[in-house]
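Data block below; observations after.
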Amino acid sequence: QSLKIGLIPADGIGKEVIPAARRVLEAIGSDIPKPEFVPLLAGWEVFVRSGTALPEETVEALRECDGALFGAVSSPSRRVTGYSSPIVALRKELDLYANVRPVISVAANPEEKPAVDLVVVRENTECLYVKQEQLVPTENGKEARATRLITERASRRIGKMAFEIALGRPRKVWLPSSLPRIIVVEILNLFARKIQQVTIIHKSNVLSVTDGLFRETIRQVPADANGRYDSVKLEEQIVDSAVYRLFREPQIYDVMVAPNLYGDIISDAAAALVGSLGLVPSVNAGDKFIMGEPVHGSAPDIEGKGIANPIAAIRSAALMIRHMGYTNGADRIDRAVDQVVREGQVLTPDLGGKSSTDDVLNAVLKKL
Ligand code: NAI
Ligand code: MG
């Protein structure tokens with residue numbers, strides 16, 4: 001049995017970091033079925049050459065794969081006829097209804113709690129991003145309108161995804177390193193599940209119909225789950241104060257679940273809490289398919305220099321296999337990456353180092 005993975009480096013540094021992620025998946029051995037890689041095209045460069053940013057062959061080939069890794073696309077700064085983002089199209093074609101972004105800082109000491117350790121779960125298919133916009137001329141000038149769609153179905157499935165992710169994060173109880181940690185830690189860990197938490201992000205005080213439906217539907221998820229989510233605490237937070245608190249006390253969050261627009265903004269804001277964009281992974285997830293994607297873009301300013309940080313792509317590969325259920329393999333990759341970051345000897349310039357993409361890759365492979 002093998003694991004068939006589509007590789008779509010796409011543009012710019014995508015072509016430098018996706019091969020690194022591939023090498024890491026090849027190196028983890030029996031923790032996953034033997035990976036088989038299928039190189040595929042998408043993005044701005046293929047659009048310029050062929051007139052389409054997402055060739056039909058790519059979509060067809062992906063339907064035969066177990067998962068995929070996507071690099072980054074460059075988007076034209078002006079509107080170009082016929083061009084539309086392949087990543088948006090792929091989310092739709094493969095029904096990747098959730099964008100999942102763990103934002104975790106690396107503590108100086110492996111025994112210490114990371115300052116930031118949260119996951120943003122963003123609904124990926126509706127809200128204002130259904131792109132139903134109208135420009136209406138009126139007596140007083142133009143009027144622009146947009147439709148905001150929130151459905152019970154999409155809210156329920158994103159809610160379930162958030163609870164499942166919370167269940168999959170058995171959070172350890174962290175003690176100050178001066179305390180003796182023998183039996184105490186073990187006993188406290190028995191209660192650790194209590195810390196699992198889902199926070200619904202909304203603005204139903206103002207948008208009581210749309211955000212109201214999102215909130216009510218997710219509140220209903222644990223009630224309909226026969227006790228499966230009993231260990232997960234449900235919280236809610238209005239989006240504006242959620243951002244404020246995210247910056248002041250990120251440790252209060254575990255899993256944050258949000259409609260598309262708020263989720264888009266919060267997940268970029270959260271990424272800022274851990275330094276470089278070159279560190280933060282994501283996956284686009286559906287019930288049948290999973291696609292890893294570093295959060296950063298194609299970084300034209302450093303393209304071709306061999307200094308792109310491969311860690312976001314490597315962590316995206318880990319996150320992809322984690323969602324497929326290969327927890328051991330994912331843990332091993334994350335631990336290797338954390339060690340390299342913590343030691344601080346081999347880092348790319350975005351983290352203040354002088355090393356190359358290959359140096360970082362090799363350091364991670366050595367830890368593995
Ligand atoms: P960007 O993420 O490409 O770069 C922002 C800054 O971060 C740059 O200075 C870049 O050098 C640095 N950076 C990003 N990733 C890095 C890495 N792995 N290692 C070291 N440094 C890294 O965002 P920007 O410049 O706004 O956009 C560039 C292009 O990428 C645009 O065409 C944009 O549309 C596209 N983009 C694509 C995304 C995607 O494919 N999902 C997401 C964001 C932007
Ligand atoms: Mg964004």
Item to check | Computed [θ] at 222 nm, deg cm²/dmol, the chain (DSSP H ≥ 4; -39,500 (n - 2.57); rounded to nearest 500) | outcome: -11500 deg cm²/dmol
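In the range 269-368, what trypsin sites (Lys or Arg not before Pro) fall in a loop by DSSP, with at most 14 other Cβ atoms inside 10 Å? Please report the intermediate quantities before stating the final value.
Numbers: sites: LYS288, LYS305, ARG315, ARG322, ARG332, ARG335, ARG342, LYS354, LYS366, LYS367; in loops: LYS288, LYS305, LYS354.
Passing both the DSSP loop test and the Cβ count: LYS288, LYS305, LYS354.
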Checklist entry - Given the options VAL119, VAL80, VAL88, which has the most mean-square fluctuation in a GNM of the chain, springs set between C-alpha atoms less than 10 angstrom apart? => result VAL80
Checklist entry - Taking the chain as a Gaussian network, where each spring joins two C-alpha atoms under 10 Å apart, which residue of ASP268, ASP95, ASP224 fluctuates the most? => result ASP224
Item to check | Along principal axes, Cα extents of the chain, largest first, whole Å | outcome: 74, 48, 42
Checklist entry - Taking H as built 1.01 Å from N, whose amide H comes closer than 5 Å to the amide H of ILE290, not counting residues under 5 places away? => result ALA68
Checklist entry - So what are the ³J(HN,Hα) numbers for the range 7-14, from phi and the Karplus equation (6.51, -1.76, 1.60; θ = phi - 60°), rounded to whole Hz, Gly and Pro as x? => result 10, 10, x, 6, 10, x, 5, x
Checklist entry - So, in Å, what gap is there between the alpha-carbon centers of the range 222-262 and the range 11-56? => result 33
Next on the checklist: Looking at the chain as a GNM with Cα springs under 10 Å, which of ASN140, ASN205, ASN260 has the largest mean-square fluctuation?
Outcome noted: ASN140
Checklist entry - Counting DSSP beta bridges in the chain, what percent are antiparallel, to the nearest 5? => result 45
Next on the checklist: With θ taken as phi - 60° and the coefficients 6.51, -1.76 and 1.60, list the Karplus ³J(HN,Hα) couplings across the range 354-365 in order, rounded to whole Hz; mark glycine and proline as x.
Outcome noted: 10, 8, 9, 3, 5, 4, 5, 4, 5, 5, 5, 4
Item to check | Loop-located GluC sites (Glu not before Pro) in the range 82-131, at most 13 other Cβ atoms within 10 Å (DSSP) | outcome: GLU111, GLU112
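Between rounded, prolate and oblate, where does the range 258-368 land on the alpha carbon gyration tensor, with a ≥ b ≥ c its root eigenvalues, rounded for a/c under 1.5, else prolate if a/b exceeds b/c?
Numbers: a/c = 1.91, a/b = 1.24, b/c = 1.54.
Because a/c hits 1.5 or more and a/b fails to exceed b/c, the range 258-368 counts as oblate.
Where a number appears in this text, it was derived from the coordinates with a stated rule and is not lab data. Since this is a predicted model, take the numbers as computed values, not measurements. Positions of Cβ are backbone-derived with ideal geometry, glycine not excepted, and every protein chain shown enters the neighbour counts.
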